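Read through the structure below, which is laid out as structure tokens, and then see the notes.
The values are calculated or read from the model by the stated rules, or taken from the named source; none is laboratory data. Being a predicted model, the structure only gives us computed values, none of them experimental. Virtual Cβ from ideal backbone geometry, glycine too; neighbours counted across all protein chains shown. To get the accessible areas, we keep the full protein, side chains included, count just its heavy atoms, and leave off ligands, DNA and RNA. Shrake-Rupley method; radii C 1.70, N 1.55, O 1.52, S 1.80 Å.
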Amino acid sequence: VAIWDRNGKHREIIGPRRVQLFQSTIRFLTRFKAESHQYLVVKHRSGKREHICGPAILYQNPAFHDEVSVEDGILLKSLDEYVVVNDFNKDNDGSRATSTLFEPVKDSKFVEYSERGIVQGPTLFVPTPNEVVHKFEWSTFCEDGKLSKEHKSQFHVIKTTSHSLGKALISLEFELPNTHSIHAEIDVQYNILEQSIYSLIKVQDPIMKLYQAMQADAIFIGNSIPIDDICDGNGNRGNISNAIGDIKAYLELGKVAKECGIDISMLRVTKWWMNEDFMKMIRI
């Protein structure tokens, strides 16, 4: 509890304990507890901000604290997991053992100068009061394989393991020379390299850029499919499958992936079909 006597003198008492009160004001304090994987964020009345690693207990005292909260540390489970940290302390002495590859950057949204570093797992990362962990915000795909216009994936930990471009197969439309189109479901796998993480920060939303590149490639690939293959009664499915499934034909995708620091490891067409109007025209 916090107790103020009639002269305004303050004292803090942590029980169990019996206290005699006379013309005093008492306030029961809120208890905050951080487990071993957590930390306490303490905002002092003096303006100082403090991070206390768990396990720890603190009572929020209005005489000393404006706000106290409990936050989870960021668990990096393997060598393939990283977080990007912006350090806004100009006098940083580089003493954090888990921070590497710091480089000076300018960021007008916060301060005139900061340092940016990458923290690699395995470790439990707890930021200092001067550090802000970068939040990635990338586009996601809907269940129908098309890019979502409303929802984006927000995350702090970036993995250099293999990823799928979409949770489900990506839906892509190839425009044909005769104004009709071929629809396809495509599985795209990619890898992120450690040295490319800074590139991903500058790009901001690589998923959207990769999908837009695939759409541009689909127009070129669709127009390059021979009319004979399209109108063949048997559909010449092998030739068409080879045309839309050739990763080398996706020139814009390869270019954008390189700019983003991403390696496209696989592109596989699982299914494709012509639109119904065109199929009726072929049958006639």
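Results, tabulated for the structure shown:
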{"quantity": "Sole residue being in contact with a Lys or Arg (Cβ under 9 Å, 6 or more places away or on another chain), on the phi < 0 side of the Ramachandran plot and not polar (S, T, N, Q), chosen from Glu67, Glu71", "calculated": "Glu67"}
{"quantity": "Residue in the range 84-92 that is surrounded by fewer than 12 Cβ atoms within 10 Å (Cβ to Cβ) and at pLDDT below 90 present", "calculated": "yes"}
{"quantity": "Any chance Val70 is of a type in the set (Val, Ile, Thr) and either open to solvent by less than 50 Å² (accessible area, probe 1.4 Å) or under 24 Å from Gly117 (Cα atoms) (or both)", "calculated": "no"}
{"quantity": "Selected residue (only one of Ala168, Ala213 is open to solvent by less than 30 Å² (accessible area, probe 1.4 Å), out of contact with any strand residue (DSSP E or B) (no Cβ under 6 Å at 6 or more places or on another chain) and within 30 Å of Val84 (Cβ to Cβ))", "calculated": "Ala213"}
{"quantity": "Within the range 1-52, considering residues that are closer than 28 Å to Gly73 by Cα and of a type in the set (A, V, I, L, M), the one farthest from the chain's Cα centre (by Cα)", "calculated": "Ile14"}
{"quantity": "Search result, residues across the range 104-146 that are of a type in the set (A, V, I, L, M, F, W, C), open to solvent by 50 Å² or more (accessible area, probe 1.4 Å), modelled with pLDDT of 90 or more and within 30 Å of Val188 (Cβ to Cβ)", "calculated": "none"}
{"quantity": "Residue, surrounded by the most Cβ atoms within 10 Å (Cβ to Cβ), within the range 147-165, restricted to residues that are of a type in the set (S, T, N, Q) and more than 28 Å from Gly117 (Cβ to Cβ)", "calculated": "Ser148"}
{"quantity": "Pairs, first within 22 Å of Ser78 (Cβ to Cβ) and modelled with pLDDT of 90 or more in the range 152-174, second part of a strand (DSSP E or B) and among the polar types (S, T, N, Q), C-beta under 6 Å, six or more apart", "calculated": "Ser153/Thr140"}
{"quantity": "Tally of residues being more than 13 Å from Phe125 (Cβ to Cβ) and within 26 Å of the chain's Cα centre (by Cα) across the range 53-82", "calculated": "6"}
{"quantity": "Matching strands (runs of 3 or more DSSP E) fully within the range 130-179 where at least 2 residues are over 24 Å from Phe220 (Cα atoms)", "calculated": "131-133, 136-141, 147-155, 162-164"}
{"quantity": "Selection status of Ala257, in a strand (DSSP E or B), surrounded by 13 or more Cβ atoms within 10 Å (Cβ to Cβ) and either at pLDDT below 90 or not basic (Lys, Arg) (or both)", "calculated": "no"}
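To keep it simple, each residue is scored yes or no on (1) modelled with pLDDT of 85 or more; (2) surrounded by fewer than 20 Cβ atoms within 10 Å (Cβ to Cβ); (3) touching a Pro at 6+ places or on another chain (Cβ under 6 Å); (4) part of a helix (DSSP H, G or I).
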site: Asn191; (1), (2), (3), (4): yes, yes, no, no
site: Ala218; (1), (2), (3), (4): yes, no, no, yes
site: Gly222; (1), (2), (3), (4): yes, no, no, yes
site: Gly233; (1), (2), (3), (4): no, yes, no, no
